[in-house]
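Data first, discussion second: the structure below is written as structure tokens.
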Amino acid sequence: MKLANYLPPTSPQSVVIDEFCKEVEKRTGGRIKIDHYTGGSLLKPSAVFEGVINRVADIGYSHVYYTPGKMPVTEVAGLPLGYPSVWVSSHVLWDFYQEFRPKEFEPVRVLWMQTSSPSAVLTTKKPVQKLEDLKGLTLRAPGLAGEVVKALGATPAPTPMPEVYDALQKGVLDGDVSNFETLRSFRLGEVVRHVTSIWQVNHPFPFYLIMNKQSYEQIPSDLRTIFDQVVGEYLEIFILRWNANEFEGMKFAKEKGVKFYSLSPTEAQRWVEAVKPVIDVYVKRMVEKGFSRKRSSRMDRVYQKRE
């Protein structure tokens, strides 16, 4: 089988996906082999979903904001709700998928879902320590993340991640809204000078690992059980790896002389207030599409804790 992944081969995520492929091959005695195509060599990030449906790849890894509007229900995971860690946001997303099974993913088999790490603003010249510092900046932020950036006062640019390094280096972008992990995995720590943690309005990117349904069904039944078991194990391994990536990204950037900042409690509250309209607009948009505004009992518990 073929697995399409747009991330660089040396990125921590690609390394774990490599391990996943090897573990499947090992446990099935070589009867299942997965060739891993990294760096968008088989499918570009925006083409992964359709590429898996059409079986250009049997398995694909990407995130929902590379195809804005195609997965509107799952985009809810990227609202600025202030998740404190990638472990929390990833399990919220996976629980959400398990409970509601959005129809937008019916054409494929979802192997796992997880999110990126807590949000941060990475800038090349100007440090960001208050809302006013964002004015006039053009920041990479695709999909719903772009709406958050616009609400905060900056100009969003939906640049594909593999192109961000050059865009920052050439001054096409003033910065990127992503997380500490990208400082190393995409080597952004070489071209940015300032990084501000904004976890209080964390709006992570929802990622997915999907599989062509026919490819899955063609796996012999005795091997399918093994395959499913490895998938389940690597969901947690993958999430924990994202957690570790944060510290590695910070270390890499600090060695390059990058300065780190945090929002004061008072300033953070200003940011939280600024992004509330993004949540309201999303809810309104989904209700207009025919979805119910009513929250489930589980989501009520989440909101009660937040409120």
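The values are calculated or read from the model by the stated rules, or taken from the named source; none is laboratory data. It should be emphasised that the depicted structure is a prediction, and the values quoted were computed from it without experimental measurement. Note: ideal-geometry Cβ built from the backbone for every residue, glycine included; neighbour counts use all protein chains shown.
Do we find that T123 is crowded, with 19+ Cβ neighbours inside 10 Å, among the hydroxyl-bearing types (S, T, Y) and more than 16 Å from the chain's Cα centre (by Cα) in this structure?
Yes; evaluated as a whole, the condition is true for this residue.
Can you confirm whether Q129 is in contact with a strand residue (DSSP E or B) (Cβ under 7 Å, 6 or more places away or on another chain), among the polar types (S, T, N, Q), closer than 25 Å to I279 by Cβ and surrounded by fewer than 23 Cβ atoms within 10 Å (Cβ to Cβ)?
So Q129 fits the description; yes.
When both residues are 6+ apart or on different chains and their Cβ atoms are under 6 Å apart, which pairs have a first residue that lies in the stretch 58-81 and is closer than 20 Å to F100 by Cα and surrounded by 20 or more Cβ atoms within 10 Å (Cβ to Cβ), and a second that is at pLDDT 95 or above and aromatic (F, W, Y)?
From the stretch 58-81, the pairs are H63/F207.
List the pairs whose first member sits in the stretch 218-243 and is among the hydroxyl-bearing types (S, T, Y), whose second member is modelled with pLDDT of 95 or more, and whose Cβ atoms are under 6 Å apart, counting only residues at least 6 apart or on separate chains?
Partner pairs satisfying both residue conditions: Y234/F20.
Could you list all residues from the stretch 22-38 that are surrounded by fewer than 16 Cβ atoms within 10 Å (Cβ to Cβ) and either free of Cβ contacts under 8 Å to residues at least 12 places away in the same chain or touching a strand residue (DSSP E or B) at 6+ places or on another chain (Cβ under 8 Å) (or both)?
Within the stretch 22-38, K22, E25, K26, G29, G30, D35 qualify.
For S41, work out the one condition from (1) small (G, A, S); (2) over 22 Å from L188 (Cβ atoms); (3) modelled with pLDDT of 95 or more it doesn't fulfil.
Tallying (1) small (G, A, S); (2) over 22 Å from L188 (Cβ atoms); (3) modelled with pLDDT of 95 or more, S41 fails exactly one: (2).
Look through V121, V110 and report the one residue that is over 30 Å from V230 (Cα atoms) and at pLDDT 95 or above.
Result of the check over V121, V110: V121.
Take I219 and decide whether it is outside any helix (DSSP H, G or I), more than 19 Å from the chain's Cα centre (by Cα) and among the aliphatic types (A, V, I, L, M).
Considered against the rule, which asks whether it is outside any helix (DSSP H, G or I), more than 19 Å from the chain's Cα centre (by Cα) and among the aliphatic types (A, V, I, L, M), I219 comes out as yes.
Restricting attention to the stretch 150-162, does a residue exist that is touching a Lys or Arg at 6+ places or on another chain (Cβ under 7 Å) and in a helix (DSSP H, G or I)?
no
Restricting attention to the stretch 12-41, which residues are part of a helix (DSSP H, G or I), hydrophobic (A, V, I, L, M, F, W, C) and over 27 Å from F252 (Cβ atoms)?
V24
Which pairs turn up if I take residues in the stretch 149-162 that are more than 26 Å from P8 (Cα to Cα) and look for partners that are assigned to a helix (DSSP H, G or I) and of a type in the set (V, I, T) with beta carbon separation below 8 Å, at least 6 apart in sequence or on another chain?
Taking only residues 6 or more apart or on different chains, the pairs are A151/V275; A151/V278; L152/V201; L152/V275; T155/V149.
Among the numbered conditions (1) in contact with a helix residue (DSSP H, G or I) (Cβ under 7 Å, 6 or more places away or on another chain); (2) small (G, A, S); (3) within 20 Å of I219 (Cα to Cα), tell me where G30 comes up short.
Against the list (1) in contact with a helix residue (DSSP H, G or I) (Cβ under 7 Å, 6 or more places away or on another chain); (2) small (G, A, S); (3) within 20 Å of I219 (Cα to Cα), G30 comes up short only on (1).
I'd like the residue in the stretch 251-292 that is under 22 Å from G143 (Cβ atoms) and part of a loop (DSSP other than H, G, I, E, B) and, out of all such residues, is modelled with the lowest pLDDT.
Among those that are under 22 Å from G143 (Cβ atoms) and part of a loop (DSSP other than H, G, I, E, B), it is F291.
Select from the stretch 101-131 the residues that are in a helix (DSSP H, G or I), under 22 Å from F291 (Cα atoms) and in contact with a helix residue (DSSP H, G or I) (Cβ under 9 Å, 6 or more places away or on another chain) and list them in ascending order.
Correct list: E104, F105.
Among the listed residues D166, D176, which satisfies the condition of being among the acidic types (D, E) and outside any strand (DSSP E or B)?
After applying the criteria, what remains is D166.
I'd like the residue in the stretch 158-179 that is at pLDDT 95 or above and under 22 Å from P80 (Cβ atoms) and, out of all such residues, is surrounded by the most Cβ atoms within 10 Å (Cβ to Cβ).
G175
Can you tell me which of (1) surrounded by 19 or more Cβ atoms within 10 Å (Cβ to Cβ); (2) without any contact (Cβ under 8 Å) to a residue 40 or more places away in the chain is the one N5 doesn't meet?
Single failed check for N5: (2).
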